[in-house]
Amino acid sequence: MKLYDYANSSAAYRVRIALNLKGIPYDRESVHLVKDGGQQHSSAYKDVNPQELVPTLSVDGRAIGQSLAIIEYLDETHPAPPLLPSDPAQRARVRQIAHTIACDIHPINNLRVRSYLRDVIKADQAQGEAWYAHWITLGFGALERSLSESKETGAFCHGDAPTLADICLVPQMANAYRFKVPVDAFPTLVRIDNAARALPAFAAAAPERQPDAA
């Protein structure tokens, strides 16, 4: 397997965590999203992923994009340890948490959106930071209430073993810390993030541990 990766991409961070939890060896190729005008825009990488996004997982001659699709592929082809519960209702809960982050919070705060705000909309730094904090705070507020009020929340987002939900939460928490978004109002999220990051699979996937760390 080859992972087209970038240290500061939270979507790629998710896949690194999943690969580590599964104990799957892989080769890594850095696609720096800032250097050279963004290496994801090169013709060579467009041939790998026409969306010009990371991550992409290359396996058995197939290129798989989109972090959640990659993680579910890994879970189906390497089922231990499972990243989704076997029970359909519990599986839906884990996916709901993951999608809240990966579909609602992250996409409107990622690099290309922030670049558009800066370069086309002409938002200044303060406006860009307010935009970023607004969407994280809104999403985290809903997650905090959902997780804190559910008996299915354990040491992690769902029970006492990490799942797809935690794989999505930890990189988004890292983004909040990186952009200095206050998280004191979300004690359940902070607790789960701390528990997950203490695990070797999560620690090894952290942006600062990658060769192309900024």
At 0.36 nm per residue, and after removing the present C-alpha to C-alpha distance, how many nm does the segment from Glu149 to Glu208 gain when stretched out fully? 17.9 nm
Spelling it out for Val34: with amide H atoms placed in the peptide plane at 1.01 Å from N, the residues 5 or more places away or on another chain with amide H under 5 Å from its amide H are Gln39
Calculate the spin-label point distance for Val59 paired with Tyr26, positioning each point 7 Å from the Cα along the beta-carbon direction, and give it in nanometres. 0.8
Determine, for Met173, Met1, the number of other Cβ atoms within 10 Å of each Cβ, and report the residues in order from fewest to most. Met1, Met173
What's the longest bit of the chain with no exposed trypsin sites (Lys or Arg not before Pro), using DSSP loop states and at most 10 other Cβ atoms within 10 Å as the test? 1-121
Proxy reagent accessibility, fewest Cβ within 10 Å first, across His106, His99, His158: His99, His106, His158
Report, in debye and to the nearest 20, how large the dipole of the range 88-199 comes out about its Cα centre when Lys and Arg carry +1 and Asp and Glu carry -1 on their Cβ. 220
Quick check: pseudo-label points 7 Å beyond the Cα along Cα→Cβ at Ile108 and Arg91, how many nm apart are they? 3.0
Do any of Lys46/Lys180; Lys2/Lys22; Lys2/Lys151; Lys22/Lys180 go past 27 Å between their Cα atoms, and which? Lys46/Lys180; Lys2/Lys151; Lys22/Lys180
Quick one: Thr77, Thr188, fewest Cβ neighbours within 10 Å first, how do they rank? Thr77, Thr188
Can you work out the Karplus-derived ³J(HN,Hα) for every residue in the range 71-86? Use 6.51 cos²θ - 1.76 cosθ + 1.60 with θ = phi - 60°, whole Hz, and x for glycine or proline. 5, 5, 4, 4, 5, 7, 8, 9, x, 10, x, x, 9, 10, x, 7
Tell me which of Pro182, Ser150, Pro107 sits at the most positive position along the dipole axis of the range 88-199, charges placed on C-beta atoms (Lys, Arg +1; Asp, Glu -1). Pro107
Going from the alpha-carbon gyration tensor of the range 88-199, what semi-axes, largest first and in whole Å, does one get by taking the root of 5 times each eigenvalue? 27, 14, 11
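Quick note: the coordinates plus some simple rules give every number you see, no bench work behind them. The model shown is predicted, which means the values in this text are computed figures rather than measured ones. Positions of Cβ are backbone-derived with ideal geometry, glycine not excepted, and every protein chain shown enters the neighbour counts.
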